[in-house]
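Quick notes on the structure that follows.
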Amino acid sequence: MNRLALCLCVLLVPTVSAAEGAEPSRTADDPLGSVVGPATLPAGATALYGYMGAPEVGAGFRQGIGGLEMEARARFDWFKVAATLELAARKEVLERGALRLAPVLGVGVVLNSGATYLDSDNFSGVLMRVSPGMVASWRMGETAALLGLVDLPFDFGLGHEAKRRFQALGGGGVELYLGDNLSLLAAGQLGVETFQARSGLGHTRLGFNARVGLGTRLF
């Protein structure tokens, strides 16, 4: 009987270890993801990132708090010469195998110079921004994750101003772990953009966002 129990242990231990290894890590010690992925940072994880692209460059700080993530981000749209400062939160709502899904809600302010050098339809103003969205991440092994991204930022003027801008962008990308707590992001989105500089004059055009970023886990 003792020999039989020993044999069963020898057979089961590798199986259990393999099953545990197949499941992606959910602790702050897991280094993959800092720019956009994962859907939410593990509890206690902290990340700092920056990216460049078109039409924006940006930087941000992320903090995981157990299924919830808080983020502070700054963006500069060099097409419009406009700066955006935001605070955002993510909440994981789905975990199925390697798939994670989290809705995002951001609020902030947009300071637009109104420059028309690269965007002839641009308009100046101080606008409030409400930015709902969604992040999906699919873990592929220990060093890569596929990302699905939806962003729906809505900018609106305060007071009696009719100025507003809305974008509906969808797309995806990949985030790769490079080592030494560094992750590399490449992502792109396409969609539509509608805007109105004054009452009764609305426009709709193609919207897009392409970026390459680098982030690091601080803790």
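The values are calculated or read from the model by the stated rules, or taken from the named source; none is laboratory data. Just so it is clear, the structure is predicted and the values come from calculations on it, not from any experiment. Backbone-built Cβ (ideal geometry, glycine too); neighbour counts: all protein chains shown.
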> How many residues, within segment 103-135, are among the charged types (D, E, K, R) and part of a strand (DSSP E or B)?
Replying inline: 1
> Looking at ARG73, ARG26, ARG62, which one is out of contact with any Leu (no Cβ under 7 Å at 6 or more places or on another chain), at pLDDT 95 or above and under 24 Å from ARG100 (Cβ atoms)?
Replying inline: ARG73
> Would you pick out the residues in segment 83-98 that are hydrophobic (A, V, I, L, M, F, W, C), within 18 Å of SER137 (Cα to Cα) and loosely packed, with under 15 Cβ neighbours inside 10 Å?
Replying inline: VAL93, LEU94
>> Looking at the structure I just gave you, is ALA83 within 12 Å of the chain's Cα centre (by Cα) and either of a type in the set (A, V, I, L, M) or on the phi > 0 side of the Ramachandran plot (or both)?
In response: no
> Hey, does segment 142-163 have a residue that's loosely packed, with under 15 Cβ neighbours inside 10 Å, in contact with a Gly (Cβ under 7 Å, 6 or more places away or on another chain) and within 18 Å of ASP77 (Cβ to Cβ)?
Replying inline: no
> Would you pick out the residues in segment 88-102 that are part of a loop (DSSP other than H, G, I, E, B) and among the hydrophobic types (A, V, I, L, M, F, W, C)?
Replying inline: VAL93, ALA98
> How about segment 136-219: which strands (runs of 3 or more DSSP E) wholly inside it have at least 1 residues that are more than 13 Å from the chain's Cα centre (by Cα) and within 30 Å of ASP29 (Cβ to Cβ)?
Replying inline: 144-151, 164-179, 182-198, 201-217
> Would segment 63-82 turn up any residue that is in contact (Cβ under 8 Å) with a residue 60 or more places away in the chain, within 25 Å of ALA186 (Cα to Cα) and surrounded by 15 or more Cβ atoms within 10 Å (Cβ to Cβ)?
Replying inline: no
